[in-house]
Amino acid sequence: MSEKTLDSNSEILFLYDAKMCNPNGDMDDENKPRMDYDTSTNLVSDVRLKRYTRDYFENVLNKEIFVTEKAEKAEKRVEQILGRKPDKNKPITKDDIKTISSICYDIKFFGAVFGTSGGNDHVTGPVQFNWGYSLNPVELVESSTITSSFSSGEGIGKDFRVKYSFIAFDGTVNALLSETTELNSNDLKTFDESVIKSIPFNKTRSKTGQIPRLYMRVETEKDLILKDLRDYICLKYKTEDYKVRAIKDISLDLNNLKDYLLKNKKGIQKIYYWVDDAITFENYNSFEEILSGFEMENIKL
């Protein structure tokens, strides 16, 4: 008998920084870091964050996943998992979808589009993220041309990087949708740890320099829907002209976040959190001090 699915919604805040690397290349712009150039804001897609997490599921937790790096078409992936081709004259059955979802761990969280010949059947995942963005104005490294040496000679290419970006993601967990993918509380605890650990485990050449700094998941009653928690946080700068180059150059102001959560305290059941010891907080000595009075659980990695 499967474990009971979720009774509570959650709002997620995930913060990490990127130093001298490319957090998310834009394929439509020479693979430069995704930017809103009008505001000097570094952007990171939700797909990028899910990729980190999926890779952690597959390579560290040894879980089967649906959306692999091998870039098969969704229909081909369905065929691989079911061991047969779906009927071309009709969508795959509910039993087929249930089978695929039970095998592929990432579907528990993010859902999937199956893209079969008979119709684009899909499962909407209970965990969703908005696009991430930097809380600080971000500068790109001025020089981007690099050379690589081969036996046939030197190759010249481009290598675009940010100098420093402090990135914030907002996410949600929908308890109602957890019934579809059979997501339970133990799965969600595994997910918390996986998000935090996934970035350090993805140290490719362009991604080395990214460090998780803070993760919190605010578990709420089903009738309470919290707003985007990023709207209630900001950075305080210890340098002139917002020229941030390292975590030591900033502190995190969570005073408005504290006030917002206190206004909704009646509907908040528990706060799961993890904080890197290098981050500092404005007017407080610790994250625990900021949210004292709430039921909290420190995520042990």
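Within the stretch 52-82, the residues that satisfy the criterion of being touching a residue at least 24 places away in the same chain (Cβ under 8 Å), charged (D, E, K, R) and closer than 25 Å to residue 161 by Cβ are 54, 55. Within the set 273, 215, the sole residue that is surrounded by 18 or more Cβ atoms within 10 Å (Cβ to Cβ), of a type in the set (Ser, Thr, Tyr), under 18 Å from the mean Cα position of the chain (by Cα) and under 15 Å from residue 166 (Cα atoms) turns out to be 215.
Do you know which of the residues in the stretch 39-88 that are in a loop (DSSP other than H, G, I, E, B), under 25 Å from residue 197 (Cβ atoms) and among the basic types (Lys, Arg) is modelled with the lowest pLDDT? Per the stated criteria, the residue is 70. Entry remark, the stretch 10-38: residues being touching a residue at least 24 places away in the same chain (Cβ under 8 Å), part of a strand (DSSP E or B), of a type in the set (Asp, Glu) and surrounded by fewer than 18 Cβ atoms within 10 Å (Cβ to Cβ) number 1 in total.
Quick grid of which residues meet (1) in a loop (DSSP other than H, G, I, E, B); (2) touching a helix residue (DSSP H, G or I) at 6+ places or on another chain (Cβ under 6 Å); (3) over 30 Å from residue 188 (Cβ atoms); (4) without any contact (Cβ under 8 Å) to a residue 24 or more places away in the chain:
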site	(1), (2), (3), (4)
236	no, no, yes, no
244	yes, no, yes, no
257	no, yes, no, no
260	no, yes, no, no
269	no, no, no, no
273	no, no, no, no
278	yes, yes, no, no
288	no, no, no, yes
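Per-residue answers, yes or no, for (1) farther than 19 Å from residue 170 by Cβ; (2) modelled with pLDDT of 95 or more; (3) of a type in the set (Phe, Trp, Tyr):
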| site | (1), (2), (3) |
| --- | --- |
| 224 | no, no, no |
| 240 | yes, no, no |
| 247 | yes, yes, no |
| 250 | yes, yes, no |
| 255 | no, yes, no |
| 262 | yes, yes, no |
| 270 | no, yes, no |
| 274 | no, yes, yes |
| 298 | yes, yes, no |
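The values are calculated or read from the model by the stated rules, or taken from the named source; none is laboratory data. Keep in mind the model is a prediction, meaning the values are calculated, not measured. Neighbour counts are summed over all protein chains in view; Cβ atoms, including those assigned to glycine, are modelled from backbone coordinates with ideal geometry.
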